[in-house]
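Please read the structure below before turning to the comments.
The values are calculated or read from the model by the stated rules, or taken from the named source; none is laboratory data. All values reported here derive from a predicted model rather than from experimental measurement. Because the Cβ atoms are built from the backbone with ideal geometry, glycine has one as well, and the counts that use them run over all protein chains shown.
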Amino acid sequence: MKIKAQLCAGAILFTCALPAAMAQIAGVQPLGGTVEETNGLLHGWSVRKALVDEPVYNEANDKVGSIYDVIIAPDRKATYAVLSVGGFLGMGIHYVAIPVDHFEIRNGNLYLPGATKAALKDVPEFEYNKLEKATKPRKVSAQ
C-alpha cells in the first residue's frame, strides 16, 4: 500500500511539473522574436552603424550631404532618410527628408542620383517638431 501511495504521489508531481518544464525559460527563447527572426537580424543593417553620419554622393561622386536620421512610418517601415546638407561646424546645416527608395547603394556607398548641394538646399527644410511621437495604446478603464 505504501508503494502504491508513493507511485501515485510521484505521478501527480510529474503531471504538475510537466507544464512548468515545457514553459519558456528566459535566455532560451529570445524576447520579442523567434530564433529564426533573431538570426535574420544578422543579415540586416544597423542604422546607427551603417547609415547615420555616412556621406551621400551624386553620380559625379560629389558629396552632397550625410545621413542624419531615418524616419519610421506608422506601418513600421523606414520611409525617409533625413540628410544634413551644407553647414560648417554645425552652423547653417539644412535638413531635408528624402524617400529611401530614391537612394542607390554602389560599392558600399550611398548615392542620390541627380542631387547637388544647391538642389538639396532648395528642398523645404525638414522640421522635427511636426512629427508625432510614437504613442502607447491607451488603457481602457472598466466602469
For a quick check of your reading of the model, give me the residue pairs whose first member lies in region 89-109 and is within 16 Å of residue 70 (Cβ to Cβ), whose second is polar (S, T, N, Q) and crowded, with 17+ Cβ neighbours inside 10 Å, with beta-carbon atoms closer than 8 Å and at least 6 apart or on different chains. 95/84
Given the criteria under 20 Å from residue 49 (Cα atoms) and in a strand (DSSP E or B), does residue 82 qualify? yes
When you look at residue 64, is it touching a Pro at 6+ places or on another chain (Cβ under 9 Å) and modelled with pLDDT of 90 or more, yes or no? yes
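Yes/no per residue for (1) modelled with pLDDT of 90 or more; (2) surrounded by 15 or more Cβ atoms within 10 Å (Cβ to Cβ):
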residue	(1), (2)
74	no, no
84	yes, yes
112	yes, yes
122	yes, no
Unique match (being modelled with pLDDT of 85 or more, assigned by TED's automatic domain parsing to the domain that holds residue 116 and not in a strand (DSSP E or B)) among 53, 69: 53
